[in-house]
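The values are calculated or read from the model by the stated rules, or taken from the named source; none is laboratory data. Predicted, not measured: the structure shown is a model, and the values here were computed from it. No Cβ is skipped: glycine too gets one built from the backbone with ideal geometry, and neighbour counts run over all protein chains shown.
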Amino acid sequence: MADFDRTAMEMNTGILNGVTIEMETIEDTLEKSIATYDYPYADGSDLEDMGQKAHTIRFKCYFWDDAEQETYSDHVELLNSLADTTLMDFVHPKYGLIHGKIQSVAVMHDASIRTAVLDITFIEQMRGSTESQPAQSVQAAAEEAYIEGQAAQEEMMKRDIAAIIPAADIGAVTGTLDAGLSLLEQTDGFSNATRLFVAGIEKRLAAAQTVVAQIKSPADSLLTAFSYTATLPGRILGGMAQILDKYGQLNESLKTLPVKFISRLHDAFNDIQDAFRDFTDNPSASVIGQAANAFLYKHAQIAAAQRIALEAAYIYAADAETSASPEDADVQMMTMSELESSLAIVRTRIDAAVEIAREIDALKTMAASLLTQVNNVRLEREKMTGVTLDNPMPLHLVCLKYGLPYSDAERLIKVNHIPHPNFTKGQVTVYARQS
């Protein structure tokens with residue numbers, strides 16, 4: 001297969017069944033089923049609308065290895081997913097999260113140049129009516145999904161705890177707790193296994209809390225807008241969410257370095273998960289101790305994915321404000337490399353969480369909102385053209401020469417990595433204005 005010219009294509013980024021794809025839409029079909037009835041001596045036909053046919057999306061997705069990325073092997077993972085007979089999640093760059101199945105795949109690949117092109121036909125599952133959705137900022141979308149995700153995770157916790165403790169102790173899961181008492185103090189009357197499990201959970205959470213005990217969550221923290229139930233799952237998830245929130249505050253000073261901030265949170269959350277998994281316990285309670293470790297490790301992984309996605313949304317929203325009014329901003333606009341690097345870290349955590357909590361749709365919603373935001377920025381950056389300056393000149397004069405507002409100068413500094421704006425020279429990328 002001859003190598004393809006990626007620079008000549010208008011590609012978007014999507015996620016199909018957990019695999020990130022660089023895609024080019026070929027055909028997007030929305031078709032109605034119309035029955036026609038003809039009558040003798042009557043002109044024309046009588047029409048009856050029988051509803052919509054399947055929404056079919058045909059697209060090419062490209063995988064390749066070069067100095068910037070290595071995605072060639074990902075196409076094999078996508079092909080292997082055809083064996084899955086359940087509905088697939090498709091985060092479409094225009095439609096957001098949709099569900100459906102792959103109808104067909106045509107594969108063209110060449111291992112010698114590590115390049116593959118998949119021509120895919122995807123059919124959406126029962127799309128129903130299409131409604132115009134109001135525009136929503138990435139921060140608002142992520143906050144809404146976070147609250148939904150926490151509620152869904154609490155329900156999941158109830159089921160997980162019920163599967164661990166004796167069936168006769170289900171009251172320990174559903175009963176209302178006193179906020180002024182410890183968890184263990186409220187397990188009188190339940191079996192020894194349940195008491196040991198609750199004691200182990202409380203001990204592990206207390207150990208994690210010690211690291212950030214001196215950190216206070218701000219008054220405007222999103223946690224203040226969500227009320228966890230006064231039950232055992234609610235207390236556990238609420239405590240876990242506070243710990244993760246405080247780790248964000250602990251690294252607040254790094255938010256001016258977004259990729260480093262996200263990377264630091266990623267490492268910190270891994271440390272928390274590992275601490276839960278490797279927590280030593282009394283050998284006589286090893287079975288219950290292992291159950292507590294596995295339970296907290298699993299739910300820390302899910303909660304951490306939601307939290308880091310929320311933090312990324314805050315960063316992207318702040319970057320959008322900076323991009324809109326760079327002259328009033330205290331921080332520089334993020335580069336596409338920074339946006340994509342931070343998104344890759346967050347996507348890794350979300351993908352891992354989805355594998356163990358597919359029923360929490362909020363995880364997919366958060367992934368879709370972050371991907372949409374980065375794609376929107378990419379589209380804006382692609383509306384640019386290269387110009388060559390014959391002589392060095394101040395960047396503000398470059399803006400004037402090409403009909404751009406002075407406010408674009410701050411953006412161009414960031415996009416072009418211009419070290420000395422008063423002596424701009426050579427090849428410069430500027431925004432292409434429509435005449």
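Being of a type outside the set (A, V, I, L, M, F, W, C), surrounded by 16 or more Cβ atoms within 10 Å (Cβ to Cβ) and in contact with an Asp or Glu (Cβ under 6 Å, 6 or more places away or on another chain) holds for only one residue in GLY239, GLY248, and it is GLY248. Scanning the stretch 13-42 for residues that are in a loop (DSSP other than H, G, I, E, B), under 39 Å from the mean Cα position of the chain (by Cα) and not small (Gly, Ala, Ser) returns ASN17, LEU30, GLU31. The lone criterion from (1) in a loop (DSSP other than H, G, I, E, B); (2) modelled with pLDDT of 80 or more; (3) farther than 30 Å from ILE98 by Cα; (4) of a type in the set (A, V, I, L, M) left unmet by MET334 is number (3).
Specify the residue that is farthest from the chain's Cα centre (by Cα); the eligible residues are those in the stretch 43-101 that are of a type in the set (Asp, Glu), loosely packed, with under 11 Cβ neighbours inside 10 Å and not in a loop (DSSP other than H, G, I, E, B). If you could, list the steps in order and put the result at the bottom.
Here is the first cut: in the stretch 43-101, the residues of a type in the set (Asp, Glu) are 43, 46, 48-49, 65-66, 68, 70, 74, 77, 84, 89.
Restricting the remaining residues to those that are loosely packed, with under 11 Cβ neighbours inside 10 Å gives 43, 46, 48-49, 68.
From what is left, the residues that are not in a loop (DSSP other than H, G, I, E, B) are 46, 48-49.
Values: ASP46: 48, GLU48: 42, ASP49: 39 Å.
Checking each candidate, the answer is ASP46.
With respect to the conditions (1) outside any helix (DSSP H, G or I); (2) modelled with pLDDT of 95 or more; (3) not hydroxyl-bearing (Ser, Thr, Tyr), ALA135 falls short on a single one, namely (2).
Out of ILE57, ILE113, ILE98, ILE147, one residue alone is in the same structural domain as GLU338 (by TED's automatic domain parsing) and hydrophobic (A, V, I, L, M, F, W, C). It is ILE147.
Being in contact (Cβ under 8 Å) with a residue 12 or more places away in the chain, β-branched (Val, Ile, Thr), closer than 26 Å to ILE161 by Cα and in the same structural domain as THR194 (by TED's automatic domain parsing), is that true of even one residue in the stretch 268-282? Taking every residue of the stretch 268-282 in turn, at least one turns out to be in contact (Cβ under 8 Å) with a residue 12 or more places away in the chain, β-branched (Val, Ile, Thr), closer than 26 Å to ILE161 by Cα and in the same structural domain as THR194 (by TED's automatic domain parsing). Each residue in the stretch 353-373 was checked for being farther than 19 Å from HIS266 by Cα, in contact with an Asp or Glu (Cβ under 7 Å, 6 or more places away or on another chain) and not small (Gly, Ala, Ser), and 0 pass.
Quick check on this structure: which one of THR194, THR229 is surrounded by 18 or more Cβ atoms within 10 Å (Cβ to Cβ) and out of contact with any Lys or Arg (no Cβ under 8 Å at 6 or more places or on another chain)? Testing whether each residue is surrounded by 18 or more Cβ atoms within 10 Å (Cβ to Cβ) and out of contact with any Lys or Arg (no Cβ under 8 Å at 6 or more places or on another chain) leaves just THR194.
Can you tell me which residue in the stretch 186-229 is farthest from the chain's Cα centre (by Cα), limited to those that are part of a loop (DSSP other than H, G, I, E, B) and β-branched (Val, Ile, Thr)?
Pass one, the stretch 186-229, residues part of a loop (DSSP other than H, G, I, E, B): 187-191, 212-221, 226-229.
Remaining after also requiring β-branched (Val, Ile, Thr): 187, 212, 215, 229.
Numbers: THR187: 38, VAL212: 26, ILE215: 27, THR229: 26 Å.
Going through the qualifying residues, I end up with THR187.
Scanning the stretch 156-176 for residues that are assigned to a helix (DSSP H, G or I), out of contact with any Lys or Arg (no Cβ under 8 Å at 6 or more places or on another chain) and surrounded by 14 or more Cβ atoms within 10 Å (Cβ to Cβ) gives MET156, MET157, LYS158, ILE161, ALA162, ILE164, ASP169, ALA172.
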